[in-house]
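K.L.:
The structure follows.
The values are calculated or read from the model by the stated rules, or taken from the named source; none is laboratory data. Not measured: the values here are computed from a predicted model. FYI the Cβ positions are ideal-geometry reconstructions off the backbone, even for glycines, and counts take in every protein chain you see. Ligands, DNA and RNA are stripped out before the accessible areas are found, and what is left, the full protein with its side chains, is counted by its heavy atoms. Shrake-Rupley method; radii C 1.70, N 1.55, O 1.52, S 1.80 Å.
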Amino acid sequence: MAGRRLDVLTLTEAEKSELTAMASRPKSAQALAQRARIVLTCAEGLENRAVARRLDMHAMTVGKWRRRFLAQRVEGLRDEPRPGAPRTIADERIEAVIARTLESQPDGATHWSSRGMARDCGLSVSTVQRIWRAFGLKPHRQETFKLSTDPDFVAKVRDVVGLYLSPPEHALVLCVDEKSQIQALDRSQTVFPMRPGQPERRSHDYVRHGTTSLFAALDIATGKVIGQCYPNHRAAEFRQFLDEIETRVPANLDVHLVWDNYATHKTALIRNWLAKRPRWHVHLTPTGSSWLNQVERFFALLTEKQIRRGVHRSVDELEAAINAFLDRHNAAPKPFRWVKSADDILAAIARFCTYNTPST
C-alpha cells in the first residue's frame, strides 16, 4: 500500500537566499537555523525520513516544518505567539536586543550583562532577561572545544572505537595513561567540617608537600585498574609499569594497548620492549583527543572523589590515599559503557564544523 503523497516543496530564488542566510549565519538562533536547513533539504526532493536521517532528527519534526512552510512560507518558521497578556514590546525591539547580543560587544567588556543591555536598549532588566531566556541566550556562559589536527584522525578513531565496541577474542584491551604531577596538598589552616545549614569550609590557599605520578591501565571488559605510583613519569618508570602489567596479564592472551603519542611512550626503550613481545599491540589515540581513552574517565573519578578535596601532608599520605581508592574500585569494578560508534563520532564532528564555521 503506497504511503501518503507529499506535496511538492519548491522555493523561489528570494526564499532560497533568505533560508540559506538563516541556516548559515553563525549567530542566528539555532532553532530557526535548523528549521531553515529542514526546508532547504526538503526542497531537494527528499522525503521526510531521508531528510531526518541526513539532519539527525525525527521524521515527525521534518514533517511539521514542511507543512508549516507550505502553509505560511518563511514566516511560518518563526515561533508562534504564546498565550497570555498581549506583548507591549514590538518585534523590532526584541530583534534589536537579540542582534545586539549576538553581534556586538559592550564598550570595555567582552560580553553583555542584562543590566548593560537594558541600559543600552532602554528596557528593564527583567525584560532583557525574559528575551534572553526565550531565545536561549546566555552571554555569561562560555564553552571550550578542541579539534584534533592529527592527519590520521579518522583512521585512529575507527581503530580505537572498533576495539571498544568489538574487542578481539582471546585478548585483553587495556587503556593506558599516566596522571602526572599529582600534588600532595595540605590547607594552610584548619578545615571546618560540614554542619547542618553550612557546607565544609577550607582556606583557599595551601601548602605543597611534593608530587607523585600515577600510571594506570584500565581493562575495558571488567573495569579493573592496574595502577602504580612513581616519583617521576619518564620512560624508565613507564617501562617498569609495563613490566608490572605483564606480571598481571594471563600469558595466553594477546594484549591491546590504547595510549596517546606522549613522548614517554615513543622512546627507543619502550619500542624495544614492545618489539620483543609480539602479543602486545599498540593503538594510538589521535593527537589532542584524550577523551577517546577510557582511563581518563577513571582519572576524573579519582580526582573528584579522592584528590581534589583531600588533605595530604606528605607524598606517602597521597599515595596511600590513591592506593586505597584503587583497592576500593577494584573490589567492585564496573566497566564504562562505550555507546558511540566511529560513524556517530565523525558525523557529530562534521556537524560541529559545518554549523560553527564563521561566514566570510
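K.L.:
Just check the stretch 103-201 against the gyration tensor rule for me: Cα atoms, a ≥ b ≥ c as the square roots of the eigenvalues, rounded for a/c under 1.5, and otherwise prolate or oblate depending on whether a/b exceeds b/c.
P.N.:
Here the stretch 103-201 falls in the oblate category.
K.L.:
Shifting gears a bit: Take the solvent-accessible surface of the protein heavy atoms, probe 1.4 Å, and return the percent of it on the stretch 62-165 that carbon and sulfur atoms account for.
P.N.:
Looking at the stretch 62-165 in its full context, I get 49 percent from C and S.
K.L.:
Ratio of Rg to Rh for the stretch 213-360, alpha carbon only, Kirkwood?
P.N.:
1.02
K.L.:
Which whole number in µm²/s is D for the stretch 14-76 by Stokes-Einstein, with the Kirkwood Rh taken over Cα pairs at 25 °C and 0.890 mPa s?
P.N.:
212 µm²/s
K.L.:
To continue, here is another question. Do me a favour and compute the ellipsoid semi-axes for the stretch 235-311 from its Cα gyration tensor, root of five times each eigenvalue, largest one first, whole Å.
P.N.:
For the stretch 235-311, the ellipsoid semi-axes come out as 25, 16, 13 Å.
K.L.:
Right, next: Which whole number of Å³ per residue matches the convex hull of the alpha-carbon atoms in the stretch 173-251?
P.N.:
Once divided by residue count, the hull of the stretch 173-251 is 139 Å³.
K.L.:
Next question, about the same structure. Report the paramagnetic label zone for Ala134: residues of the stretch 54-77 whose backbone N is under 20 Å from a point 7 Å from Cα along the Cα-to-Cβ axis.
P.N.:
So the set is 74-77.
K.L.:
Counting DSSP beta bridges in the chain, what percent are antiparallel, to the nearest 5?
P.N.:
About 65 percent, rounded to the nearest 5.
K.L.:
Suppose R0 equals 30 Å; then what is the FRET efficiency for Ala320 and Phe145 from their Cβ-Cβ distance, rounded to the nearest 0.05?
P.N.:
FRET efficiency, Ala320 to Phe145: 0.20.
K.L.:
Please list log₁₀ I(q)/I(0) at q = 0.09, 0.15 Å⁻¹ for the chain, using the Debye equation with identical point scatterers on the alpha-carbon positions.
P.N.:
Evaluating at q = 0.09, 0.15 Å⁻¹ gives log10 I(q)/I(0) of -0.81, -1.21.
K.L.:
Roll a 1.4 Å probe over the protein heavy atoms and report the accessible area of Thr10 in Å², nearest 10.
P.N.:
90 Å²
K.L.:
List, in the order given, every pair from Lys224/Lys276; Lys16/Lys156; Lys138/Lys179 whose Cα-Cα distance in the structure shown is over 30 Å.
P.N.:
Over 30 Å apart, Cα to Cα: Lys16/Lys156; Lys138/Lys179.
K.L.:
Taking every pair of Cα atoms in the stretch 36-193, average 1/r, invert it to obtain the Kirkwood radius, and report Rg/Rh to two decimals.
P.N.:
1.14
K.L.:
Could you order the peptides 261-268, 39-46 from most to least packed, using the average number of other C-beta atoms within 10 Å per residue?
P.N.:
Highest-to-lowest ranking by the protection proxy: 39-46, 261-268.
K.L.:
Sort 50-60, 272-282 by the packing proxy (mean of other Cβ within 10 Å over each peptide's residues), most packed first.
P.N.:
Output ranking for 50-60, 272-282: 50-60, 272-282.
K.L.:
Find which of Val160, His209, Trp338 sits farthest along the positive direction of the dipole of the chain, computed with +1 on the beta-carbon of Lys and Arg, -1 on that of Asp and Glu, about the Cα centre.
P.N.:
The one lying farthest along the dipole's positive direction is Trp338.
K.L.:
Send over a whole-number figure in Å² for the accessible area per residue of the chain, probe 1.4 Å.
P.N.:
Counting only protein heavy atoms, the per-residue value for the chain is 63 Å².
K.L.:
Tell me the trypsin sites (Lys or Arg not before Pro) within the stretch 58-140 that lie in a loop according to DSSP and have at most 16 other beta-carbon atoms within 10 Å.
P.N.:
In loop regions of the stretch 58-140 (DSSP not H, G, I, E or B), the sparsely surrounded trypsin sites (Lys or Arg not before Pro) are Arg78, Arg87.
K.L.:
Considering only Arg141, Arg37, Arg328, give the residue with the highest GNM mean-square fluctuation for the chain, with springs between Cα atoms whenever their separation is below 10 Å.
P.N.:
It is Arg141.
K.L.:
As an exercise, identify the GluC sites (Glu not before Pro) in the stretch 168-207 lying in DSSP coil whose Cβ has no more than 16 other Cβ atoms within 10 Å.
P.N.:
Answer in residue order: Glu169, Glu200.
K.L.:
On to the next question. Work out the P(r) tail for the stretch 121-271: percent of alpha carbon pairs separated by more than 25 Å, whole number.
P.N.:
59 percent
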